[in-house]
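A quick write-up on the structure given underneath.
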Amino acid sequence: MRACLSRILPLTAAALSLASAGGARAETQLNYWLWDALQAPHYQKCADAFHAKHPDITVKVTQYGWTDYWTTLSTGFVSGEAPDVFADHLRSYPEFVSNNQIMDLTPLVQRDKVDTGIYKPGLVDLWTRDGKLYGMPKDWDTVALVYNKDMLDKAGVTVDELKNATWNPKDGGSFEKILARLSLDANGKRGDEPGFDPKRVVQYGLIAPKIGPDAYGQTQWSWLAASAGFKFIDEPWGTKYHYDDPVLAETLTWLRDLWLKKGYALPQKDVGGLGGTALLGAGKGAIVPDGSWNSTWYAQNVSFPYGFVPLPKGPQGRKSMFNGLGDSIWTGTKHPDEAWEWVKFLGSMECQGIIGKAGVVFPAIPEAAKMAQDAFAARGQDVTAFTSEATPDQTFLYPITDYSPQVVSTMNVAFDKIFLEDVPVAPLLKDANDQVNALFQ
Amino acid sequence: MVAAEWSRPAAASGWLRSRPKLRAALQRNVTGWLFILPALIGFAVFYLYPTLRAVEISLTDWNLMRAPKFVGFDNYLKLVDDPRFWQSARITVAYVLYNIPLQTVLGLVLAVLMDRLSKSVALRAVVIAPYLLSNVIAALIWLWLLDPLLGMTNAFLGLLGIPRQSFLATPDLAIMSIAGINIWRHVGLTALLFYAGLQAIPRSLYEAARLEGAGEWTVFRRITLPLLRPVLVFVLVTSVIGSFQIFDTIAVTTQGGPANSTSAIIWYVYESAFRFSKMGYASAMSVVLFAVLILVTILQMRALRAGSSDLE
Amino acid sequence: MTAIALPHASLQRLSPGRIVAWVVLGAFIVCSLFPLWITLKTALVPSATLFDQATLLVPVDVTLDNMRRVLGLAPVNPATPSTPINFALALRNSLIFTLLTVGGQIFFSALAAYAFARIRFIGSTVIFYLFIAATMIPAIVLFIPNFVLIRELGWLNTFQGMVAPTLLMSPFAVFFLRQFFLSTPKELEEAARIDGATPFRTFWSVVLPVHKSAIATLAILLSINAWNDFFWPFLVGRDADVRVMSVALAAFKTQQQSGNPDWTGLTAGTVLSIVPVIALLVLFGRRVVESLQFSGLK
């Protein structure tokens, strides 16, 4: 029945498909996907430059929003409609590797003698498993604090104070004091003044952002926990998570108390509709921990003076999550040679220079990252907060393990409960951690 | 049914020619089958075949990339042990209970009001407007209205002195809010259907009751409701079946969250199939849902004594 | 005791009961329309003042920029945070999808309905009841196998893939039309037969025109369903070239990099999607209302 249908139905639908297919093309078209809307126009410029060099290859750049991106990609893999090349993420590529969905680039790198030493040290290792390279380094990012200068001034908090803030999970250090100072209730009382009403706060010291289902709290809490000594896993490709570490429970309890008890942070349940970034722009809070990938947003949407400072120092120092994106090739691509040419171009100074000059992200090639920094500066944005943190002692890696969709699904439920309800943190974390580690058995 | 016997220009074979009745019957059958052929193909390929295939897939472990592996009733057994399945079942039942009773009652009230106060088409058009929007649009509109910080709903609650609510981000409120969105969209249709039913009740009955001195409520209880029973049955059966299959609103607003509190059964089936690539498991769940819906419908029709109308 | 309001009685009697009734009715009307008003209002507000004007009932600052942006008519600022979703394209796709689906459904279902109503052939009863049974199958049971089938045919992200499962047959349409065809005056068909018309001719030129009104009603009901369809196009039509309005709106919601929806753009897109529906209601209000009312009376 199936074979019969497969022959008859396509024939009868020939008219429709002719209508949508258009004429035959001599050149190849490659599909390239990415999720960052801010970067899409600049990658289009790369695509145009690439086309000038390879007139027989056209690259079609398509952008899908973050949550939509991964669903559409996985459906695409199984349905055979995946893009030839796509922007890949550390948390997803292990799964693609084990499902044999992305290509090993090592033989191609060796054949064409591509120099992978030009990238920021460490990035290539992130994208390598068992000696095989699965993604060409693209750009990297870190997390820093964004502050509303007006609010700081009115509260009498200097930028240096914020820069040198310290934190610990027990009493919040000087960071908590700053947050208290920056919080205002309906009567104009500040968080560190007597009579402050945590239930009627109009301006919050901190807004902790949450984007989509998540297990890692990149901007939300990971920097706090890591600076207190928390580690997700022991090493890349680890098989044991440590969400049950008491340090994490302490950290999350401290964070939650900020809104549950003290009124220094916007309650998590209110953040969802607009997101931390927009809420800072709307003047709801004074400080937001945000990723370097969002810095352009502030330039275009914020009407008050603002700035970026590095994260506060915890007991183990300053710790920002370090993430490096890469470009991967789908194993099911019908144009592997052309796809490789595009990936080489993406990883070359030609393209990364274009991205760098746009001043949106920090490309993997240090020279291009410097161009980005200058571009930011030319726009009046001082991004040294992000770049100065990008050293091995001030960063920790985005966790790379197998089974990340299930990890995200399980941990997200636990984090939702923790942040939205007043439930004991440690047992929830332990339970979820056990479920997650059971995946690796 | 009237049989049409067409005479056709002689193209039949000699043997048939001598048996006009047989020839006519043959023509009838051929014609009939030709007419229904496209629809029959559609039915066979896209309704019958998939239903059978769904059962077939439910007996396998399949992630769409490797070949399916036959596992017998394993998926069904796993369902029984799966806490998330039971949670989804509970959430779905809770959702139906939040949705249908209120929606039906409001629809009935609205229908009676329209029947008594104004039969204008413009009014009915206004009432039906939300139903003409898709579930997606209704969800987006309410996503904005229910926003914790910028939504009008909280602005109104604030006027009444009620603290700000995060409707779609609070685990307990979320599924209720989704029910609320669906009620908003469907009340108009429910009301229209009841309204149509009300029009079918002979006015003479009302007059007779009035002459006997019956009050508004008595009339409603003794005359209107019983005579509306066929429409009520139709409304309840179709809305319950539809309510069990809630998906669009969840996909647009909460995606099953927060903390899986809006993960109704079809959402879980969708996630299993298209996020976790467990086609067999998802199919098994859909088959179970099918069985449950049949059971629920039968029970409903029994309980409402659907066969008879009190008009007789 | 409150007087019963009989239709032919004086409608001018304003008893407290009636006043309360009108207030309640008014509340229903407000609840139906208010959300639509707020959506329209938000679509007309400039993005920059969104937070300030969010809780105002009437906007102070009004602009058509959001509509332009969402239709791809505004000049694209290279630094603009969101890549606009091409709603004009999505509208076109919705139109194609609806026309194809409804056209096919009506034509093929009418053929079948006519056969069931007027032609005595072997198996007609059984098959008819099978068709009706098809309405009992929950859509989700069909989606997974149909998805697999469409994928095997290579029809993912194409119009034929989106339209195929419902094009040839709509159980509701078959049932609906059969009811009407049963009541066609027999004399008309007799006359056609005597004139030597083939069954198809009879169907097409004689029977169908008699039931123009019912077919129009059916067309409205089916069009509303097709225009608003989400789940199946969501599974099968992801590509921007074929994506329909409902799927495009859902995708637009997650477009922003910073995670939060571009509310002014989203409401602008929503308004654009509602316009055809409202137009339908204004132009054909009576017919739409009565079509839906009728759908419950079997």
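With both labels modelled 7 Å from their Cα along Cα-to-Cβ, the A:M349 to A:H242 distance reads 4.1 nm. Per-residue shielding of A:77-84, expressed as the average number of other chain Cβ atoms within 10 Å of the residue Cβ, stands at 5.
The protection proxy used here, the mean number of other Cβ atoms lying within 10 Å of each residue, ranks peptides A:28-40, C:188-200, A:287-299 as follows, highest first: A:287-299, A:28-40, C:188-200. Computed in the context of the full set of protein chains, the accessible area of chain C at 1.4 Å probe radius has 68% of its extent on carbon or sulfur. Helix A:2-12 and the long axis of chain A differ in direction by around 80°, with both axes built from C-alpha atoms. From the square roots a ≥ b ≥ c of the eigenvalues of the alpha-carbon gyration tensor of chain C, which class results: rounded (a/c under 1.5), prolate (a/b over b/c), or oblate? Cα axes put chain C in the oblate bin. Amide H contacts under 5 Å for A:D88: A:G326, A:D327, A:S328, restricted to partners 5 or more places along the chain or on a different chain, H placed in the peptide plane at 1.01 Å from N. Show which lysines lie in cross-link reach of A:K370 when reach means a straight Cα distance below 24 angstrom and same-chain residues fewer than eight apart are skipped. Qualifying lysines at Cα under 24 Å: A:K45, A:K120, A:K138, A:K163, A:K319, A:K344, A:K357. Global dimensions of the stretch C:142-298 from alpha-carbon coordinates: Rg and Dmax equal 20.6, 73 Å.
Near the amide H of A:N31, within less than 5 Å, lie the amide hydrogens of A:K60, A:D84, A:V85, all on another chain or at least 5 residues away, with H placed in the peptide plane.
Karplus-derived 3J(HN,Hα) values for the stretch A:169-176, using 6.51 cos²θ - 1.76 cosθ + 1.60 with θ = phi - 60°, are x, 7, 10, x, x, 6, 4, 5 Hz; glycine and proline are entered as x. Over the residues of chain B, the helix contribution to mean residue ellipticity at 222 nm works out to -22000 deg cm²/dmol, using -39500 (n - 2.57) for each DSSP H run of at least 4.
Counting Cβ atoms of other protein chains within 10 Å of each residue's Cβ and taking the mean over peptide B:251-263 gives 5. For the protein assembly as shown, the solvent-accessible area of protein heavy atoms averages 40 Å² per residue (probe radius 1.4 Å; ligands and nucleic acids excluded).
Of the heavy-atom accessible surface of chain A (probe 1.4 angstrom), what whole percent is carbon and sulfur? Its accessible area is 53 percent carbon and sulfur atoms.
Would you tally the net charge around A:I233, using a Cβ to Cβ cut-off of less than 13 Å, leaving A:I233 out, and scoring K and R as +1, D and E as -1? Working shown, then result.
Working: positive: A:R91, A:K231, A:K240; negative: A:D234, A:E235, A:D244, A:D245, A:D402.
Neighbourhood net charge equals -2.
Calculate the mean, over all residues of peptide C:162-168, of how many other protein chain Cβ atoms lie within 10 angstrom of the residue's Cβ.
On the way: counts 0, 2, 6, 5, 3, 3, 10.
Across the residues of C:162-168, the mean count of other-chain Cβ atoms within 10 Å is 4.
Applied to the stretch A:252-259, the Karplus parametrisation 6.51 cos²θ - 1.76 cosθ + 1.60 on θ = phi - 60° returns per-residue 3J(HN,Hα) values of 5, 5, 4, 4, 5, 4, 4, 9 Hz, with x for Gly and Pro. Scaled against 2.2 N^0.38 Å for its residue count N, the alpha carbon radius of gyration of chain B is 1.34.
In chain A, the longest principal axis of the Cα atoms and the axis of helix A:366-378 are about 60 degrees apart. Let me know the shape class of the stretch A:329-441, please: from the alpha-carbon gyration tensor, a ≥ b ≥ c as square roots of the eigenvalues, rounded when a/c is under 1.5, otherwise prolate if a/b is greater than b/c, or oblate. Judged from the Cα gyration tensor, the stretch A:329-441 comes out oblate (a/c at least 1.5, b/c at or above a/b). Amide H contacts of B:S118: none lie under 5 Å away among residues 5 or more positions distant or on a separate chain (H built 1.01 Å from N in the peptide plane; Pro and chain starts excluded). Ordering A:K210, A:K313, C:K186 by accessible surface, largest first, gives C:K186, A:K313, A:K210; the 1.4 Å probe counts only protein heavy atoms, with every chain in place. Sorted from longest to shortest, the spans of the Cα atoms of the stretch B:105-150 along the three principal axes equal 40, 18, 17 Å. Rounded, prolate or oblate: which fits the stretch B:135-177 when a ≥ b ≥ c are the square roots of the eigenvalues of the alpha-carbon gyration tensor, with rounded for a/c under 1.5 and prolate only if a/b beats b/c? Oblate is the answer for the stretch B:135-177, as a/c is 1.5 or above yet b/c matches or exceeds a/b. Given a Förster distance of 60 Å, report the FRET efficiency between C:L56 and C:A139 from their Cβ-Cβ distance, rounded to the nearest 0.05. About 0.90, to the nearest 0.05. Counting only protein heavy atoms and using a 1.4 Å probe, the accessible area of C:C31 comes to about 80 Å².
Placing one equal scatterer on every Cα of the protein assembly as shown and applying the Debye formula, the log10 ratio I(q)/I(0) at q = 0.06, 0.10 Å⁻¹ is -0.52, -1.32. Using a probe of 1.4 Å, the accessible surface attributed to C:V23 totals some 90 Å² when neighbouring protein chains are kept in position.
Accessible area of B:M65 (1.4 Å probe, protein heavy atoms only, ligands and nucleic acids ignored): about 80 Å². Annotation: lysines with alpha-carbon distance below 16 angstrom to A:K269 (same-chain offsets under eight excluded): A:K199, A:K210, A:K261, A:K284, A:K417. Taken about its Cα centre, chain A carries a charge dipole of roughly 600 debye when the Cβ of each Lys and Arg holds +1 and the Cβ of each Asp and Glu holds -1. From helices alone, chain A scores -12500 deg cm²/dmol at 222 nm; the rule is -39500 (n - 2.57) for each run of n ≥ 4 DSSP H residues, then divide by the residue total.
The values are calculated or read from the model by the stated rules, or taken from the named source; none is laboratory data. Predicted model only: the values in this text are computed from it and were never measured. Neighbour counts are summed over all protein chains in view; Cβ atoms, including those assigned to glycine, are modelled from backbone coordinates with ideal geometry. We work out accessible area using only protein heavy atoms, side chains counted, and drop any ligands, DNA or RNA first. Shrake-Rupley method; radii C 1.70, N 1.55, O 1.52, S 1.80 Å.
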